[in-house]
Amino acid sequence: VSLTVQANTLPLDAEIDLFQAGAGQLSVAAGAGVTIVSKGGNLKLSAKGSAATLKHITANTWHLVGDLSA
């Protein structure tokens, strides 16, 4: 399961909460012109029951924090 963050789709300071409810690993991808900043560059939720939050920081920059893996 993949969530692609597109440029200029949500207002600044918007937050998206993510939760992996099933066995399929949830990954986050950057659309054209988008930068996603996360610890270690990790963009996948770790396992079933993991949660994370995407926060829109600047025009096309998002921060991803939570229970992430490579």
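The values are calculated or read from the model by the stated rules, or taken from the named source; none is laboratory data. These numbers come from a predicted model, not from an experiment. Cβ placement follows ideal geometry from the backbone for every residue including glycine, while neighbour counts extend to all protein chains displayed. Each accessible area value is taken on the protein alone, full model and side chains, heavy atoms only, with ligands, DNA and RNA left out. Shrake-Rupley method; radii C 1.70, N 1.55, O 1.52, S 1.80 Å.
Between Thr53 and Val1, the simple label model (points 7 Å from Cα in the Cβ direction) yields a spacing of 2.0 nm.
Taking 0.36 nm per residue of sequence separation and removing the Cα-Cα distance, the Ile16/Thr35 pair yields an extension gain of 5.3 nm. Residue-wise HN-Hα couplings along the stretch 30-42, as the Karplus relation 6.51 cos²θ - 1.76 cosθ + 1.60 with θ = phi - 60° gives them from phi, are 8, x, 4, x, 9, 10, 10, 9, 8, 4, x, x, 6 Hz; Gly and Pro carry x. The portion of the accessible surface of the chain made up by carbon and sulfur, rounded to a whole percent, is 57 (1.4 Å probe; DNA, RNA and ligands excluded).
The alpha carbons of the chain give a radius of gyration and a Dmax of 11.4, 33 Å, in that order. Only the Cβ atoms of Lys and Arg (+1) and of Asp and Glu (-1) were treated as charged; on that basis the dipole of the chain about its Cα centre amounts to roughly 200 debye.
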